[in-house]
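Here the structure is laid out as C-alpha cells; the discussion comes afterwards.
The values are calculated or read from the model by the stated rules, or taken from the named source; none is laboratory data. Every value quoted in this text rests on a predicted model; they were computed, and no experiment measured them. Note: ideal-geometry Cβ built from the backbone for every residue, glycine included; neighbour counts use all protein chains shown.
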Amino acid sequence: MHSFRFEPADLPPEAEAVRADIRAFLDKNLADYPAAMRARSWSGFDPEFSAKMGQAGFLGMTFPKQYGGHGKTAFERYVMLEEVLAAGAPVAAHWTADRQSGPLILEFGTEEMKQRIIPRITKGEILFCIGMSEPDSGSDLASVRTRATRTNGGWLINGSKIWTSGAHIVDYMIGLFRSDSNVERKHDGLSQLLIDLRNTDGISIRPIKNLAGEEHFNECVFEDAFVPDENLIGTAGQGWSQVMAELAFERSGPERYMSSYQLILELLNAVSKETTPAGAIAVGRLVAHLATLRNMSISVAAKLQAGEDPALDGSVIKELGTLFEQSVPLITHQTMEREPSPDHGDDLGRTLAYVTQAATSFSVRGGTREIVRGIIARGLGLR
Amino acid sequence: MSGDSELRTILSDQVNRLLADRVGKGVLEAAEAGAPQDQLWQAIEENGLPMVLVPEDRGGVGGGWGEAEVVIRAAGKYLAPVPLVESILAGWLLSNVGLEMPLAPISIAPVRADEALSITKDGGGYRISGMATRVPWGRSVERLAIFGRCEGEPYVALVDSDAWTVELEDRNIAAEPRDSLRFNGPAVAAAPLPDSINPDRLFAFCAMARASQIAGALEMALEQSVQYANDRSQFGTPIGKFQAVQQELARMAGEVAAAGAAVEAACRAADRVGSGAGFELATAKIRASEAASIVASIAHQTHGAMGFTYEHSLHFATRRLWSWRAEFGSETYWAEHLGRSLAAHGGAALWTHLVGRA
C-alpha cells in the first residue's frame, strides 16, 4: 500500500525571488481588473494578457533556453502559477500551451517541431487547446474513434473532438487519434497530432455554451482534415503513453485547489467587515484547508523536481483540492445569507454567482473524481 | 526536500516496532477494563519515549517537534492505552521552565481553554489551587505538569498526587480516563515561563499533539479498512473490488493524507518559530479533527455490522477518533480562533500571510 505521506518541503530561495517580479507585473497589468472577473480564475481568457505574460518572461519558464525558454526550475514556475491564481489573472488563453502542450512537444516532438513551436509559445504568440474527449469517449479515453488515416505526406482526420476549450480562438490543437484499428489492446494504435486550427481545411468548430452562459468549449468536427507528417508528435501508435505523461503534468499544481480562491477572499472581506462566529468559523476552516493543500502540493512539486514519479500523490491533491474548491461556494452560501447576483451584486454576490456555477466542472475536468479515486484505490492495493 | 533527521528515522522505527509488538487487542481490552499497563509503560520509558522533547543535558532525547511527532503519531496509531502523549507534553512544559522531568507516568492540567489553576507563593515554595476537569489519565498518574498564573505571571509547576484529590473519575468515549481533579497542596517545584513562549499558545501545542495522535489513529483505521475490504467477500468477490467501496476508501485515504500533512507542517513550523506557529498549530487540529469524522464514518461503513461489534478491533481506533476530535478544542473552536485572527487583517492580507509562513 502506498504511504500517502506528503513530506513538508520548502520553495527554494530562487523560487521565492520570482514572487516579487510576478506581483509587480500583476499589479501593473491588472490594476482595474474587477473581482467578478478575477473569480474566473484560470478560466479567464484574454490573449492580450497572455502575450504580455510572454513578453515579461512568465511563459515557458522551465523550457530550455535554446528554444526561447527561460531555463528555470519547476519551483520558480510554481510561484508564478500560485501568484497568478491568487490574483485571479486571466490565464486561460496560454494555460494549455504553457502547462502541457509545450512540455509534451519538448519531450516527444522532433527537433524541427521544437524550434518551430516552442519559442512562439514562450512569447505568448500561439495558443493551444486539447483534443482528447469525443462525444462517445470521456473517462474511457482509450476508446477514441476519431481516425487519423495515412495519406500522401501526412494524415487525414475524420471524426469529432469535444470539450476542446478555446478551440474557436486558439491556434493549435494537440489531439489524440486512432491511427491503427487492427490492435489487440485499445490503448495501442493511438497517435498524437499537432493541428493548425487556423490554416487547415475540413475543420468545423461549434461552440457549446456552458451552464453559466459562457462559450469556452466546443465540438470540433474533422472531415478529411489534412495534417502533414511533420506534425506527428512522438511515435505513431504510442499516443496513449504520451497522453498519460501529459496528464501527469496537470494533477497536482496550485490550479487544483485555487479555482475558488477569489470567493474565499471576498468571504474574508465580508467577515472582516462584520465578524460573526459563523463567518469566522467558515473562513478559518477554508483557510486551514487551503494552507494544507498548498503544503501538500509543494511536497509533490519537490518530488517532481527530484525526479520522482508522484502520479499517485497528484491524484490525492486533485481529489482533496476539488472537494475543497467545491466546498467554498456551499460554505459561503450557508454562512452569508446572500443571494448570488451575477449582474448587479457586490463583489461577494457576483463572485458567489460565478463560482457556484463553475464549481460543477472542477471535479470533471482533467479526470473525473471517479477516475481519480480509482487511481488512488489502485495505490491502496484494491485494484 | 527538508529531509528527515536521522533521529526521527531511528525514533520512528523504534516506537512503531515497540508499540506494534506490545499493543494488541488483549492489551486494549484489559486497559478499558481498568487494568494498569505497567509493563507497557516500562518498555516505553526504557526507550526514553516520554523524554523526546527533553534536552539531552537533562537526560532526555533532545528532539524537536519533528521527532516528537513520530512518537506521538505512533502512540495514536497503535492506540497506546497509557499517558505517553501527555508525558511528552509534560516533559516539554517542564523543560521550557528548566524543571526536571520525573521518570514516571505524568500528565498535564488544565486541559480546557476555559479553566485556570492558580499558583501561589508559600514560604520558599508554591501551592496549587483550583479545579481542572477532563484531566487525561488523572487517576493513573502520580505527577502532573501544571500550567497556571502566579501573581499574574505564567508559571509551570510540577506537582505530585498529594496536591490533588480525584473528585470525579470520568472517561472519554474510548474509556480513557478524563478525571476531575481538585488541587489544594504544595508544588514539588515551579518556575516562570520564559518570555520566548507565548502562554496563550500552550493550549495550541497540546491541540497539535492530539492532532498528531489523530493522524496516527486515522492510519490505523485506513489500514484496517483496506485489509477488511480485501478479506471480506460478498457476491463471490472481495468487497474491495467493488467500485462503490473503492471510491469511499480513496476518499478516506485523501483525508488521512491531509491530516498527516497538516500535522507535519505544524511540527516543522513549531521547530522553526516556536510559539509563532499559531496558524499551523490551529490548522493541524482543524484538519485532523475534520478528517477524524469522515474517516471513522467510512471505516465503519466498510466494516458493516462486524465493525459495530465490540469483538472487532476497529472501534479502538474510531472511539478514540470521536474523543480526540473534541479534545483540546474541536475543529470548530480552532476555525473560529483562526478565522477571527484572519478577519482582523482582511482579504488583501490573506495571500501574503499564507505564502509568508514558516
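Some points to look at:
- Residue A:328 falls short on exactly one of the conditions (1) over 26 Å from residue A:7 (Cβ atoms); (2) at pLDDT below 95; (3) crowded, with 24+ Cβ neighbours inside 10 Å, and that condition is (2).
- Residue count for the stretch A:189-204 under the criterion of being touching a Gly at 6+ places or on another chain (Cβ under 6 Å) and among the small types (Gly, Ala, Ser): the result is 2.
- Looking across the stretch B:150-209, the residues that are within 24 Å of residue B:284 (Cα to Cα) and polar (S, T, N, Q) come down to B:172, B:196, B:198.
- Consider the stretch A:335-383 and keep the residues that are out of contact with any helix residue (DSSP H, G or I) (no Cβ under 6 Å at 6 or more places or on another chain) and β-branched (Val, Ile, Thr). The one that is farthest from residue A:268 (Cα to Cα) is A:371.
- Flag set for residue B:57, criterion: part of a helix (DSSP H, G or I), farther than 13 Å from residue B:80 by Cβ and out of contact with any Leu (no Cβ under 6 Å at 6 or more places or on another chain).
- Condition check for residue A:253: more than 9 Å from chain B (Cβ to nearest Cβ) and modelled with pLDDT under 95: yes
- So residue B:223, is it at the interface with chain A (Cβ under 8 Å from one of its Cβ atoms), over 15 Å from residue A:6 (Cα atoms) and either among the acidic types (Asp, Glu) or surrounded by 20 or more Cβ atoms within 10 Å (Cβ to Cβ) (or both): yes
- Selection status of residue B:238, surrounded by fewer than 22 Cβ atoms within 10 Å (Cβ to Cβ) and either away from chain A (no Cβ under 13 Å) or touching a Ser or Thr at 6+ places or on another chain (Cβ under 9 Å) (or both): no
- Any hit, the stretch A:41-50, residues being in a loop (DSSP other than H, G, I, E, B) and of a type in the set (Asp, Glu): yes
- For the stretch A:11-47, the set of residues classified as out of contact with any Gly (no Cβ under 9 Å at 6 or more places or on another chain) and among the acidic types (Asp, Glu) consists of A:14, A:16, A:27, A:32, A:46, listed by residue number.
- Checked against (1) within 27 Å of residue B:332 (Cα to Cα); (2) crowded, with 23+ Cβ neighbours inside 10 Å, residue A:313 passes all but a single condition, namely (1).
- The residue that is nearest to residue A:323 (Cα to Cα), counting only those in the stretch B:244-263 that are more than 7 Å from every other protein chain (Cβ to nearest Cβ) and of a type outside the set (Val, Ile, Thr), is B:255.
- Residue-level analysis places residue B:173 among those that are assigned to a loop (DSSP other than H, G, I, E, B) and in contact with a Lys or Arg (Cβ under 6 Å, 6 or more places away or on another chain).
- Boolean, residue A:69 is more than 14 Å from chain B (Cβ to nearest Cβ), closer than 28 Å to residue A:109 by Cβ and surrounded by fewer than 19 Cβ atoms within 10 Å (Cβ to Cβ): no
- Any hit, the stretch A:341-348, residues being over 23 Å from residue A:252 (Cα atoms), buried (at least 20 other Cβ atoms within 10 Å of the Cβ) and not basic (Lys, Arg): yes
- Single residue of A:235, A:275 found to be out of contact with any His (no Cβ under 9 Å at 6 or more places or on another chain) and within 10 Å of chain B (Cβ to nearest Cβ): A:275
- Of the residues in the stretch B:134-145, at least one is touching a Leu at 6+ places or on another chain (Cβ under 6 Å) and either outside any strand (DSSP E or B) or in the same structural domain as residue B:210 (by TED's automatic domain parsing) (or both).
- Failed item in (1) within 21 Å of the chain's Cα centre (by Cα); (2) over 15 Å from residue B:83 (Cβ atoms), with residue B:142 passing the rest: (2)
- Answer residue from the stretch B:88-136, given it is of a type in the set (S, T, N, Q), buried (at least 18 other Cβ atoms within 10 Å of the Cβ) and touching a strand residue (DSSP E or B) at 6+ places or on another chain (Cβ under 8 Å) and is nearest to residue B:42 (Cα to Cα) among those: B:107
- Count - residues of the stretch A:160-185 that are touching a residue at least 40 places away in the same chain (Cβ under 8 Å), hydroxyl-bearing (Ser, Thr, Tyr) and under 24 Å from residue A:228 (Cβ atoms): 4
- Of the numbered criteria (1) out of contact with any helix residue (DSSP H, G or I) (no Cβ under 6 Å at 6 or more places or on another chain); (2) modelled with pLDDT of 95 or more; (3) not small (Gly, Ala, Ser), the one residue B:72 fails is (1).
- Look at (1) away from chain B (no Cβ under 14 Å); (2) in contact with a Gly (Cβ under 7 Å, 6 or more places away or on another chain) and you find that residue A:337 fails only one, number (2).
- Where helices (runs of 4 or more DSSP H) fall entirely within the stretch B:264-358, those with at least 1 residues that are within 8 Å of another protein chain (Cβ to nearest Cβ) are at B:278-303, B:331-343, B:350-355.
- Residue list for the stretch B:92-135, filter: small (Gly, Ala, Ser) and touching a Gly at 6+ places or on another chain (Cβ under 6 Å): B:118
- The strands (runs of 3 or more DSSP E) located wholly in the stretch A:114-202 include none with 2 or more residues which are modelled with pLDDT under 95 and crowded, with 20+ Cβ neighbours inside 10 Å.
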